[in-house]
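Here's the structure, in structure tokens; my notes come after.
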Amino acid sequence: MIRQAARDFAQRDLIQDVIERDHKEIFPATHVETMKHLGFFGMMVSPEYGGGGMDMVSYVLAIEEISKVDSSLAVIMSVHNSLVCSGIEKYGTKEQKAKYLHDFTTGKKIGAFLLSEPEAGSDATRQKTLAEDKGDYYLVNGTKNWISNANCGSVYLLIAQTHPEKRHKGINALIVDKDLPGITLGPHEDKMGLRSSDTHSVMFNDVKVPKENRIGEDGFGFKLAMSLLEGGRIGIAAQATGIAAGAFERSVQYAHERKAFNTEIINHQAIAFKLADMAVKIENARNLVLKAAWLKDQGKSYLLAGSMAKLYAADIAMEVTTEAVQIHGGYGYVKEYHVERLMREAKLTQIYEGTSEIQKIVISRAISKGI
Ligand code: CAA
């Protein structure tokens, strides 16, 4: 039912204006409202806080269907659910949960996750944004880069350094209300893909964040970020699978419609074998995603499975969308047929929430430790 609801929403609503929104970088405000009514904000949050109480498997099914059509919507949903809602629900105090989760589950407030900086991307320990301890508040100064939901989000989960001499053990995670004085946004980023998602840099200039907004013990911020990314990566793997599957569905349809040399092109082995290879890769990616999500739902370790799913799904999303463009020929290179956009969207899945190379670090370290 969840998969069908997401599929109907994507194939009925999102498809209508996805090309125009991509072209003109229009934020999908109306569709975000529909997603709120569908219960896609706070899907996995406990019903105690108004959430859907659903599991990770349900969540990845929804993300995959939405990503078949529009990854901009998928990333808005993904950052909000798997990084911000999960972070506050898993590690927040009773008071923090009561204050924020109800507004997250209704979608009244959207969350953003502020980890990346101009000089701290893959090497996330090198946080330069400072959260100085001033007694009953933190004084925050610094810049965060490539922040999804930076403008539409009204609550930030900020990762910042309090004790530079302690390196990653000095980092804190703070809940920051976006309307605090001293917060400004850079211009909307002109991206290759996901052009209607809301990406900005965020500047902090003497922003006072109350001490009670820190999540966890002093110095817990880096571990919190790593732990959240473990789950977030499963969502991005589902997104990559959806992008590949969307391009595949379009390719099958086109290969039936398009005729060359007196027959539908699906009857040519050159095209049929491409489709066969694409189908196998997508099935493998989906199984890795579902395994990682299932492990998480069972309370088992999912670090390795999540990184494997992210690495594989992102790579095959690039391969499958490139082949989809090839199958479409000249039509694949113009915007009307969607596959060129899906190819642009696929590229980001190899970069954000940990590049493919970072996933290989995580996987190889896990292998070495025998996890
Ligand atoms: N859970 C909990 N703790 C973890 C952890 C995890 N998954 N992974 C590491 N840690 C802990 C370690 O135990 C260690 O703690 P101790 O010192 O107490 O033992 C500490 O964190 C440091 O770990 P490492 O020594 O392994 O750290 P490292 O510097 O070698 O980095 C890394 C590890 C995996 C490369 C990490 O830096 C990383 O994941 N980098 C990529 C960051 C990233 O994904 N950025 C994406 C930005 S968010 C985004 O893209 C959102 C969006 O817009 C969609």
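The values are calculated or read from the model by the stated rules, or taken from the named source; none is laboratory data. Note that this is a predicted model, so its numbers are computed, not measured. Backbone-built Cβ (ideal geometry, glycine too); neighbour counts: all protein chains shown. For the accessible areas, the whole protein counts, side chains as well, though only heavy atoms, and no ligand, DNA or RNA atoms are used. Shrake-Rupley method; radii C 1.70, N 1.55, O 1.52, S 1.80 Å.
Number of residues in region 81-112 that are touching a Leu at 6+ places or on another chain (Cβ under 7 Å) and open to solvent by 20 Å² or more (accessible area, probe 1.4 Å): the value is 3.
Of the residues making up region 343-357, those that are of a type outside the set (S, T, N, Q), outside any loop (DSSP other than H, G, I, E, B) and touching a helix residue (DSSP H, G or I) at 6+ places or on another chain (Cβ under 8 Å) are MET343, GLU345, ALA346, LYS347, LEU348. Sort out which residues of region 125-137 are surrounded by fewer than 24 Cβ atoms within 10 Å (Cβ to Cβ) and either more than 14 Å from the ligand (Cβ to nearest atom) or in contact (Cβ under 8 Å) with a residue 40 or more places away in the chain (or both), and write them in order of number. Listed by number, the residues that qualify are THR125, LYS128, THR129, LEU130, GLU132, ASP133, LYS134, GLY135, ASP136, TYR137. Restrict the check to region 240-252 and report whether at least one residue is among the aromatic types (Phe, Trp, Tyr), away from the ligand (no atom under 12 Å from the Cβ) and more than 26 Å from ASP123 (Cα to Cα). Yes, region 240-252 has at least one match. Within region 18-37, restricting attention to residues that are crowded, with 18+ Cβ neighbours inside 10 Å and not basic (Lys, Arg), the residue that is farthest from THR105 (Cα to Cα) is ASP22.
Every condition in (1) open to solvent by less than 40 Å² (accessible area, probe 1.4 Å); (2) among the small types (Gly, Ala, Ser); (3) farther than 21 Å from GLY182 by Cβ holds for GLY50 except the one numbered (1). Residues of region 90-108 that are more than 16 Å from the ligand (Cβ to nearest atom) and either among the small types (Gly, Ala, Ser) or under 17 Å from ASN172 (Cα atoms) (or both): GLY92, THR93, GLN96, ALA98, GLY107.
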